[in-house]
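Read through the structure below, which is laid out as structure tokens, and then see the notes.
The values are calculated or read from the model by the stated rules, or taken from the named source; none is laboratory data. Because the structure is a prediction, the values reported are computed rather than measured. FYI the Cβ positions are ideal-geometry reconstructions off the backbone, even for glycines, and counts take in every protein chain you see.
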Amino acid sequence: MLDLGERAYVQATSKDDNWVHNLRAAGEAVILKGDRATTFVATDLEAESAGRLLRELLAGFPRSQLVRAVVGPTVRPPVGVLCYFRVRVDDTLDDYIDVARRQPVFELRRKGS
């Protein structure tokens, strides 16, 4: 999860992950951090919006040939993992949209905000 304050984003490793189906059905998620639980309303982003967001989130990070060398040009970790390690993959917007089609992105907003 990439927590940006009142909003957060989570990206699946596959559109077939069980939690993706559960989150779509429930429309909300409870995230536990230590002993604190926070409820979020979940919005499944369209691939085009998610692709733009993924590209924008990684734009400020330094380039990394290491990620491309390790995971290849078409398969890569979710954006939260790349942000954590402060690396990016310099793909085109269309590449990011394709990733979002395979690896859905959800926007999470704290319930009640």
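Results, tabulated for the structure shown:
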quantity: Near pairs, Cβ below 8 angstrom, 6+ apart or cross-chain, from the stretch 90-103 (touching a residue at least 12 places away in the same chain (Cβ under 8 Å) and under 21 Å from residue 62 (Cα atoms)) to any residue that is among the acidic types (Asp, Glu) and surrounded by 17 or more Cβ atoms within 10 Å (Cβ to Cβ); calculated: 99/91
quantity: Selected residue (only one of 46, 56, 6 is surrounded by fewer than 17 Cβ atoms within 10 Å (Cβ to Cβ), among the charged types (D, E, K, R) and modelled with pLDDT of 95 or more); calculated: 46
quantity: Search result, residues across the stretch 11-47 that are assigned to a helix (DSSP H, G or I) and touching a residue at least 24 places away in the same chain (Cβ under 8 Å); calculated: 20, 23, 47
quantity: Total residues in the stretch 79-113, condition at pLDDT 85 or above and among the polar types (S, T, N, Q); calculated: 2
quantity: Conditions (1) surrounded by 18 or more Cβ atoms within 10 Å (Cβ to Cβ); (2) over 29 Å from residue 39 (Cα atoms); (3) modelled with pLDDT under 75: number failed by residue 76; calculated: (2)
